[in-house]
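Here is the structure we will look at.
The values are calculated or read from the model by the stated rules, or taken from the named source; none is laboratory data. Predicted, not measured: the structure shown is a model, and the values here were computed from it. Heads up, the Cβs are rebuilt from the backbone with ideal geometry, glycines too, and the neighbour counts pull from every protein chain shown. What goes into the accessible areas is simple: the full protein's heavy atoms, side chains included, and nothing from ligands, DNA or RNA. Shrake-Rupley method; radii C 1.70, N 1.55, O 1.52, S 1.80 Å.
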Amino acid sequence: MSIQDFKGQRMLVTGAATGIGRACAQMLAGRGAEVWINHLGQADAAAVLVDEIVSAGGRAIAIEADVSDPDAVAEMFACITANGPLDGLVNNAGIIQEQAFLDTSEADWRQIMAVDLDGVYRCCRHALEGMSTAGRGAIVNISSELGHLGRENYVAYCTAKAGVIGLTKALAREFAPAIRVNGVAPGPVDTAMVSVEHMSQEWIAKELAIPAGRLGRPDEIAAAGCVLLSPAASFFTGQMLGANGGAWMGG
């Protein structure tokens, strides 16, 4: 399958200032979409990305909002959809924390859930309101292979990402056939999230011990997401593409 044109379409990518989200925004804009670049506290990085896209002849608008804040998400969608519903949404915003389960506080747990699962729910909810009225649209939710595999010291993250997988499948059934809801469950990707700031050297080494023998690139994950948004994937709904280097080979 190839990624087709998105000319005339309006897309939102959350967590788009860096990493996978940035690559998704670049790829969508490069194929004609007007892309809304959501970020939180990364105005400079988002502005650089907007400049790059506009300089290349594309269309992009930065918009700051905390996806863990219901009011902020509502305000963001009110701004974006003032001139009509979105055609596509990529739920990419996320955080990670390496922490033993018994050391994970209620606040730690809620923080991961608020961003990684509740944020996806909120953005899907607002996007689907407009898409349902329009009778069209596509959503891609970025999960993780750890949502399938589980991992010690990442219980909150794994639980949230497993929830994203369940949410994706349930929404796909409820809103088909007019709206397609799919996801990507990446393996280890070369982004700031896989760094000593978020993950021990021990676990970074384990991330490399997969059949592919390397970290993925953000553009490789973006390509999977953009294909799922495009008409090339018109028979895909409720699916999780495993762009993971063989880390997870389940169905």
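Could you state how much accessible area Arg31 has, in square angstrom rounded to the nearest 10, with a 1.4 Å probe and all protein chains kept in place?
Near enough 80 Å² of accessible area.
Might you tell me the accessible area per residue for the chain, computed with a 1.4 Å probe and given in Å²?
Per-residue value: 44 Å².
Pairwise over distinct Cα atoms, reciprocal of the mean inverse distance: report the Kirkwood radius of the stretch 1-57 in Å, one decimal place.
Across the stretch 1-57, the inverse of the average 1/r is 11.2 Å.
Going by amide H atoms built from the backbone, whose H comes under 5 Å of the H on Ile61, apart from near neighbours?
Amide H neighbours of Ile61, under 5 Å, 5+ apart: Val35, Trp36, Ile37.
Probe 1.4 Å, all protein chains in place: accessible area of Lys169 in Å², nearest 10?
Result for Lys169: roughly 90 Å² accessible.
Subtracting the Cα-Cα distance from 0.36 nm times the residue separation, let me have the gained length for Asn83 to Asp44 in nm, one decimal.
Value of the extension gain: 11.4 nm.
I need the calculated FRET efficiency for the pair Ser234 and Arg173, taking r as the beta carbon distance and R₀ as 22 Å, to the nearest 0.05. Display every interim value, and only then the final one.
On the way: r = 17 Å, r/R0 = 0.77.
According to the calculation, E is roughly 0.85.
Under 15 Å from the Cβ of Gln9, count the other residues' Cβ atoms, weight Lys and Arg +1, Asp and Glu -1, and hand me the total.
Residues close to Gln9 contribute a combined charge of +3.
Ignoring solvent entirely, what values of log10 I(q)/I(0) come out of the Debye formula for the stretch 105-168 at 0.24, 0.28 Å⁻¹ when each Cα is a single scatterer?
-0.96, -1.15
Ranked highest first by the average count of other Cβ atoms within 10 Å around their residues, in what order do 133-140, 6-13 fall?
The packing order, highest mean first, is 6-13, 133-140.
Treat each spin label as a single point 7 Å out from the Cα along the C-beta direction, and report the Ala212 to Leu102 distance in nm.
Reported label-point gap for Ala212 and Leu102 is 3.6 nm.
Once you place label points 7 Å from the Cα toward the Cβ at Ile204 and Arg151, how far apart are they in nm?
1.3
I'd like the carbon and sulfur percentage of the solvent accessible area for the stretch 104-232, probe radius 1.4 Å, heavy atoms only, ligands and nucleic acids excluded.
55
Can you tell me how much longer the chain between Arg136 and Lys7 gets when fully stretched, taken as 0.36 nm per residue apart minus their C-alpha distance, in nm with one decimal?
44.9 nm
Quick check on the stretch 47-142: what are the equivalent-ellipsoid semi-axes from the Cα gyration tensor, as sqrt(5λ), descending, whole Å?
For the stretch 47-142, the semi-axes come out at 28, 18, 12 Å.
Using the Cα centre as the reference, give the magnitude of the dipole from point charges on the C-beta atoms of the stretch 1-160 (Lys, Arg: +1; Asp, Glu: -1; all else neutral), rounded to the nearest 20 debye.
Details: 10 positive and 20 negative charges, 151 e Å.
That gives the stretch 1-160 a dipole magnitude of about 720 debye.
With springs only between Cα atoms under 10 Å apart, run a GNM on the chain and tell me which of Val35, Val184, Val73 wobbles the most.
In the Gaussian network model the winner is Val73.
For a label point 7 angstrom out from the Cα of Glu129 toward its Cβ, which stretches of the stretch 28-62 have the backbone nitrogen within less than 20 Å?
Correct set: 36-39.
Using label points projected 7 Å from each Cα along Cα→Cβ, tell me how many nm separate Val54 and Asp190, to one decimal.
3.0
Sum -39500 (n - 2.57) across every DSSP H segment of at least 4 residues in the chain, then divide by the residue count to get the 222 nm mean residue ellipticity, nearest 500. Intermediate results must be reported in sequence, preceding the final value.
Numbers: 9 runs with 105 residues, N = 251.
One gets -13000 deg cm²/dmol as the mean residue ellipticity at 222 nm.
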